[in-house]
Amino acid sequence: MSATTRRTRRTAALLLGATLVTLTATACNSTGGPSVSTEAKPTAAASAPAADGGSAPAKPADSKPAESKPAESKPAEAAKAPAKLGDTIALKGTLEKGNTADITVVKVVDPAESTNEYLTAADGKHYVAVQFQIKPTGAKAYSETPWSSAKVVDNQGQAYGPTLADTKAGPSFQTPTNIASGETGKGFVVFEVPNGTKLDKVQFSLDNGFADQVGQWKIG
């Protein structure tokens with residue numbers, strides 16, 4: 001069997017699976033529209049209390065009466081920076097309860113070289129490989145196809161879906177990918193984009209890409 005035939009059959013199988021998920025999502029989803037989450041989970045270092053350097057020395061008593069000061073207006077809390085490369089976003093699915101996972105964009109390889117000299121990007125295009133880390137956090141194990149859950153967006157707002165290719169950046173996710181709750185799995189998803197494209201964001205969602213909540217990372 002030729003490499004082209006194997007790739008065609010693999011593509012057909014993934015498209016069939018995505019179609020079945022779409023029909024299920026349409027039948028079961030009664031919630032509102034999708035939302036984009038850009039807030040990263042705090043890291044262990046950020047959430048840890050500051051080191052205690054000992055109590056401050058006591059100040060001498062001041063015999064002067066306390067002066068009343070006008071109340072100072074506090075500035076509005078600055079908007080939190082969007083999640084970036086290496087950050088983790090907590091996502092949840094729409095179709096089943098307990099389908100939650102921490103998703104991290106670990107690495108972006110642009111351009112990425114194909115592992116097969118006969119399966120390369122089209123003329124005027126190149127591959128980009130994005131490595132994700134998936135950690136199911138609910139009662140449900142992760143058993144989905146990350147290939148259908150991710151996309152990249154350029155600085156003009158144009159989105160690009162994944163392509164079936166393996167690159168020298170590292171191993172791609174298996175189809176399907178099965179990760180037990182509390183455990184962690186890593187893999188690459190590959191995209192084919194025009195040369196000169198400046199990628200700005202990476203997006204990922206559960207339920208094979210059909211969950212209402214979409215995680216978004218700033219990479220540009």
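Each reported figure results from applying straightforward, stated rules to the coordinates on display, with no laboratory input. Everything quoted here is computed from the prediction, not taken from an experiment. Quick reminder, even Gly has a Cβ in these numbers, built from the backbone with ideal geometry, and neighbours come from all protein chains shown.
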- What nm value, rounded to one decimal, do you get for the distance between L119 and K97 when each label is placed 7 Å out toward the C-beta? 4.1
- In nm, to one decimal, how far is the A81 label point from the T137 one, both placed 7 Å along Cα→Cβ? 2.1
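For the stretch 111-174, which trypsin sites (Lys or Arg not before Pro) pass both filters: DSSP loop (anything but H, G, I, E, B) and at most 13 other C-beta atoms within 10 Å? Provide the component values of the computation, followed by the final result.
Details: sites: K125, K140, K151, K168; in loops: K140, K168.
Passing sites in the stretch 111-174 are K168.
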- Below 17 Å Cα-Cα, how many Lys pairs turn up in the stretch 107-218? Only count pairs eight or more apart in sequence, or on different chains, if you could. 18
- Query: For the stretch 116-220, what is the largest minus smallest coordinate of the Cα atoms on each principal axis, given in angstrom and ordered from greatest to least?
  - Reply: 45, 31, 19
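Taking K and R as +1 and D and E as -1, what net charge do the other residues with C-beta under 9 Å from the C-beta of D200 add up to?
Details: positive: K198, K201, K218; negative: D154.
Residues close to D200 contribute a combined charge of +2.
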